[in-house]
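Everything below concerns the one structure shown next.
The values are calculated or read from the model by the stated rules, or taken from the named source; none is laboratory data. Keep in mind that this is a model prediction, so the values were computed, not measured. Glycine also receives a Cβ, built like all others from the backbone with ideal geometry; neighbour counts cover every protein chain displayed.
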Amino acid sequence: MKFRIEIVADAARFAALRDPWQSLWTSAGGYVFQSHDWITGWLTGMRNRREMRLQIALAWDGDQLVAVMPCAVHRRKACGSCISLRSCSATTATA
């Protein structure tokens, strides 16, 4: 099995992923914090924070989304550039 990895860094691409993301989330029994809807709400609340950038890793098996790992990169004076996971864990398809 060969996976294709994609990094999503813009809101338009993220929005276009709603259907495959929700399908994966439902089939994997994901937590509410991993749903596309929850992360959409989080992004809406964070949109005016310039120090925060969307970074979501996706794994595709052909045309099927099989894993997501939502993250954000943010700047803090104390640590320079930090990566912050914005979900409890990644959502992956079960074998």
Does the range 11-25 contain any residue that is under 19 Å from G62 (Cβ atoms) and assigned to a loop (DSSP other than H, G, I, E, B)?
-> yes
Looking at (1) of a type in the set (K, R); (2) at pLDDT 85 or above; (3) surrounded by 14 or more Cβ atoms within 10 Å (Cβ to Cβ), which is the one condition that is false for R86?
-> (2)
Residue identified as at pLDDT 90 or above and under 26 Å from M1 (Cα atoms) among A93, A57, A12 | A57
Hey, any hits in the range 57-68 for a residue that's of a type in the set (V, I, T), out of contact with any Cys (no Cβ under 6 Å at 6 or more places or on another chain) and in contact (Cβ under 8 Å) with a residue 60 or more places away in the chain?
-> yes
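Could you please find all residues in the range 31-47 being among the hydroxyl-bearing types (S, T, Y) and either in contact (Cβ under 8 Å) with a residue 12 or more places away in the chain or surrounded by 17 or more Cβ atoms within 10 Å (Cβ to Cβ) (or both)? Break it down stepwise before answering.
Going residue by residue through the range 31-47, those that are among the hydroxyl-bearing types (S, T, Y) are 31, 35, 40, 44.
Selection gives Y31, S35, T40.
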